[in-house]
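The values are calculated or read from the model by the stated rules, or taken from the named source; none is laboratory data. What you are looking at is a predicted structure, and each value in this text was computed from that prediction instead of being measured. Glycine gets a Cβ as well: all are built from the backbone with ideal geometry, and neighbour counts include every protein chain shown.
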Amino acid sequence: MKTGQLKGNLDLVLLAVLSGGPLHGYAVIAGLRDRSEGAFDLPEGTVYPALHKLERDGLVRSSWDDSGGRRRRTYEITPRGERALACQREQWLTFVHGVNSVLAAVTP
Amino acid sequence: MNPAGSHEPIEDYLDDLLGCLNLPPRETRRLLAETEAHLRESAEALLRAGIAPVEAEVEAIRRFGSAREVAAAAGAARRPSVVALLAQGLWGVLTLAGLGLIAVGVSGGLAALFNAVSGPGFVGALPQTYPAPTCAYYLSIQPGATSCAQAAMWENSHDAVALRLLAGLAGAALIAAAWAWRHFARGDLSSIALRDGAVGATAAIAFAVAAALLVGLSADLAVQHGSGGVGFYLTGGLASALGAVTCALWAHRRLRHLRPWRLGGTPATA
């Protein structure tokens, strides 16, 4: 998948990864890579600004975690983030359904 | 290479990233801390997979993205959306219009004060002639008046109070609307301070120009025609001057937050 295509939907996939429970940044990126089966190939460092933006928008919250000998920031989806995820997921599924319907008529 | 001559890719990368970032101090420190934790964890995983230490750090950095790329993403993520800009713009318009109308209301209060202290002539006796239909109208609504000039003076002095106070009430309603709207016009401390400072400075300049024009007009009137009607413009000039000083002080207080050591990502409302 092209990076530009993912960037437009990065909020949605990050919220989806965090809906499984609190994670620190490295685990969020690993979760994104694993759940996409390697399809999302974007620079890992660009995920942190996206997480910070989600936090500013009140969709996730975060706190420092010093356990395990390394200081890491742990992110957690908020109730507002859950609602945004449900809404964006619905919109995405509608979009995908529309595109699939159009593509179904195309002969490979 | 660090000063000691040993190659430390992650340390070099963090230096590069610090040089590229253009964020408030707290966000810069946070992104650097998260970046270092991420890179070290990533490099350790690669090390466990059998890659040599320095190569593991280089590969972790490659996967993370260049410092320029990450800094660009961080800058883009802080850019307000069009919706947020429109919300801030609407807050600014409501506040500016509200402040202007409140100043008109204050001038109405001053007109009432002048009417009480010096009679209706100081505000209402504008040196102008009126066509016959206007005179007839004034005399019909001021039946106690003995001349067109007296009827017009009473009407002008009355309108200068009633209509301006009405405008003041409308201004108060707009400020209340701006206060209610502030929840939709949220932002971090620096952007809110910049917005408030810009609105305050704009209002201060507009009030200062209005004050200069109105005081100049009343001075010209006083020189050419005496005191009659001078208060009509002078009340507006005094209210505008008061507005200019108040808004300039407000802008100054808010813009002080833009000093670099006060910048931060703390959410704030209007």
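For region A:43-64, taking the residues that are over 12 Å from the mean Cα position of the chain (by Cα) and not in a helix (DSSP H, G or I), the one that is nearest to the other protein chains (Cβ to nearest Cβ) is identified as A:PRO43. For region A:69-80, the count of residues that are in a helix (DSSP H, G or I) and either facing chain B (nearest Cβ under 10 Å) or closer than 18 Å to B:ALA37 by Cβ (or both) is nonzero. Entry remark, region B:191-207: residues being modelled with pLDDT under 90 and either among the polar types (S, T, N, Q) or not assigned by TED's automatic domain parsing to the domain that holds B:ARG254 (or both) number 1 in total.
Among the residues of region B:22-31, which ones are in a helix (DSSP H, G or I) and more than 10 Å from chain A (Cβ to nearest Cβ)? Before the answer, list the steps.
Taking region B:22-31 and keeping what is in a helix (DSSP H, G or I), we get B:25-31.
Result: B:PRO25, B:ARG26, B:THR28, B:ARG29.
Just one of the listed residues (B:GLY89, B:GLY19) is in contact (Cβ under 8 Å) with a residue 40 or more places away in the chain and not in a loop (DSSP other than H, G, I, E, B), and it is B:GLY19. Answer yes or no as to whether B:ALA112 is facing chain A (nearest Cβ under 9 Å) and either within 30 Å of B:GLY228 (Cα to Cα) or touching a Cys at 6+ places or on another chain (Cβ under 9 Å) (or both). In short, no. Looking at region B:121-142, can you tell me whether even one residue there is of a type outside the set (A, V, I, L, M, F, W, C), surrounded by 14 or more Cβ atoms within 10 Å (Cβ to Cβ), away from chain A (no Cβ under 12 Å) and outside any helix (DSSP H, G or I)? Within region B:121-142, one or more residues are of a type outside the set (A, V, I, L, M, F, W, C), surrounded by 14 or more Cβ atoms within 10 Å (Cβ to Cβ), away from chain A (no Cβ under 12 Å) and outside any helix (DSSP H, G or I).
When only residues in region B:41-54 that are of a type outside the set (A, V, I, L, M) and surrounded by fewer than 16 Cβ atoms within 10 Å (Cβ to Cβ) count, which is farthest from the other protein chains (Cβ to nearest Cβ)?
Restricting attention to region B:41-54, the residues satisfying the condition of being of a type outside the set (A, V, I, L, M) are B:41-42, B:44, B:48, B:50, B:53.
Narrowing further to those that are surrounded by fewer than 16 Cβ atoms within 10 Å (Cβ to Cβ): B:44, B:48, B:50, B:53.
Working: B:GLU44: 10, B:ARG48: 14, B:GLY50: 19, B:PRO53: 17 Å.
Of everything passing the filter in region B:41-54, B:GLY50 is farthest from the other protein chains (Cβ to nearest Cβ).
Being more than 8 Å from chain A (Cβ to nearest Cβ) and polar (S, T, N, Q) is the filter here, so list the residues in region B:61-83 that pass it. Of everything in region B:61-83, just one residue is more than 8 Å from chain A (Cβ to nearest Cβ) and polar (S, T, N, Q), namely B:SER81. When B:GLY89 is tested against (1) within 14 Å of chain A (Cβ to nearest Cβ); (2) surrounded by fewer than 14 Cβ atoms within 10 Å (Cβ to Cβ), exactly one condition is not met: (1). Examine region A:19-37 for a residue that is among the basic types (Lys, Arg), in a helix (DSSP H, G or I) and away from every other protein chain (no Cβ under 12 Å), and state whether such a residue exists. Yes, region A:19-37 has at least one match.
Between B:ARG195, B:ARG182, the distinction of being under 14 Å from the mean Cα position of the chain (by Cα), surrounded by fewer than 19 Cβ atoms within 10 Å (Cβ to Cβ) and closer than 30 Å to A:HIS52 by Cβ belongs to B:ARG182 only.
Of the residues examined, A:SER101 is not one that is away from chain B (no Cβ under 14 Å) and in contact with a helix residue (DSSP H, G or I) (Cβ under 8 Å, 6 or more places away or on another chain).
Considering the conditions (1) in contact (Cβ under 8 Å) with a residue 60 or more places away in the chain; (2) over 20 Å from B:ARG254 (Cβ atoms); (3) surrounded by fewer than 20 Cβ atoms within 10 Å (Cβ to Cβ), B:GLU155 is excluded by exactly one of them, (1). From the list B:GLU57, B:GLU69, the lone residue that is free of Cβ contacts under 8 Å to residues at least 12 places away in the same chain, among the charged types (D, E, K, R) and either in a helix (DSSP H, G or I) or in contact with a strand residue (DSSP E or B) (Cβ under 9 Å, 6 or more places away or on another chain) (or both) is B:GLU69. When each of A:VAL17, A:VAL96 is tested for being free of Cβ contacts under 8 Å to residues at least 60 places away in the same chain and under 30 Å from B:PHE184 (Cβ atoms), the lone residue that passes is A:VAL17.
All conditions but one from (1) among the hydroxyl-bearing types (Ser, Thr, Tyr); (2) farther than 17 Å from B:ALA74 by Cα; (3) at pLDDT 90 or above apply to A:TYR48; the one that does not is (2).
Kindly indicate whether B:VAL104 is part of a helix (DSSP H, G or I), farther than 21 Å from B:SER227 by Cβ and in the same structural domain as B:TRP179 (by TED's automatic domain parsing). Yes, satisfied.
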